[in-house]
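> One structure follows; several queries about it will come next.
The values are calculated or read from the model by the stated rules, or taken from the named source; none is laboratory data. Nothing here was measured: the structure is a model prediction, and the numbers come from that model. Here the Cβ is made from the backbone with ideal geometry for all residues, glycine too, and neighbour counts use every protein chain on show. Surface areas here come from the heavy atoms of the whole protein model, side chains and all, with no ligands, DNA or RNA. Shrake-Rupley method; radii C 1.70, N 1.55, O 1.52, S 1.80 Å.
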Amino acid sequence: MRASGKTRTGGCAIACGVLLLSGCGGGSDFKNEPRPAAAIELTGVIQDSGVTISPDSVPGSGPVSITISNQTNDAHTVTLEGGTVQETVGPVNPRDTATIQKTLQPGSYFVKAGSERAVSKEIAPGSLKVAAKKRDSSGKLLLP
């Protein structure tokens, strides 16, 4: 029995060694390119005086997610406009939220709140600036 116990242990060690070596990449086809940019989370609020986006600037092009809260007494559609982008969500009911997700290129954008009902004073749009630098997520911890 002793001889067969050593054989099993030796065979197991060899199998583990083969598995470890097979997991090592040796090909030259691997490109160490920067990770794509992670989405930047922005917040916004619709008030009777205007739309506010915070922060109002993004350090570079890439995906952006804007969660907007409607703090007025009327339902509003929310529109992100700028360059070739025109993304609309809503209507967003009073005291409710909506999210716009878009990949933005460098430039200036406006976030507008519209209403089907005529209002005495138009709600001023919020502005968002996207810098020309391209973002990436290389070197960032805790990303999926």
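> Would you be able to tell me the number of residues in segment 66-122 that are among the aliphatic types (A, V, I, L, M), open to solvent by 50 Å² or more (accessible area, probe 1.4 Å) and either part of a strand (DSSP E or B) or in contact with a helix residue (DSSP H, G or I) (Cβ under 9 Å, 6 or more places away or on another chain) (or both)?
Within segment 66-122, residues that are among the aliphatic types (A, V, I, L, M), open to solvent by 50 Å² or more (accessible area, probe 1.4 Å) and either part of a strand (DSSP E or B) or in contact with a helix residue (DSSP H, G or I) (Cβ under 9 Å, 6 or more places away or on another chain) (or both) number 0.
> Let me ask another. When you go through P59, P63 one by one, which is the residue that is in contact with a Ser or Thr (Cβ under 6 Å, 6 or more places away or on another chain) and either farther than 21 Å from I123 by Cα or open to solvent by less than 60 Å² (accessible area, probe 1.4 Å) (or both)?
After applying the criteria, what remains is P63.
Conditions (1) closer than 15 Å to V130 by Cβ; (2) touching an Asp or Glu at 6+ places or on another chain (Cβ under 7 Å), marked per residue:
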site	(1), (2)
P55	yes, no
P59	yes, no
G62	yes, no
N70	no, yes
G83	yes, no
P91	no, no
I100	yes, yes
G107	yes, no
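> Moving on. Give me the residue from segment 123-144 that is modelled with pLDDT of 85 or more and not aliphatic (A, V, I, L, M) and, out of that set, least open to solvent (accessible area, probe 1.4 Å).
Among them, the one singled out is G126.
Okay, residues lined up against (1) open to solvent by 80 Å² or more (accessible area, probe 1.4 Å); (2) at pLDDT 70 or above; (3) on the phi > 0 side of the Ramachandran plot:
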| residue | (1), (2), (3) |
| --- | --- |
| S22 | yes, no, no |
| F30 | yes, no, no |
| E33 | yes, yes, no |
| E41 | yes, yes, no |
| G44 | no, yes, no |
| G50 | no, yes, yes |
| I53 | no, yes, no |
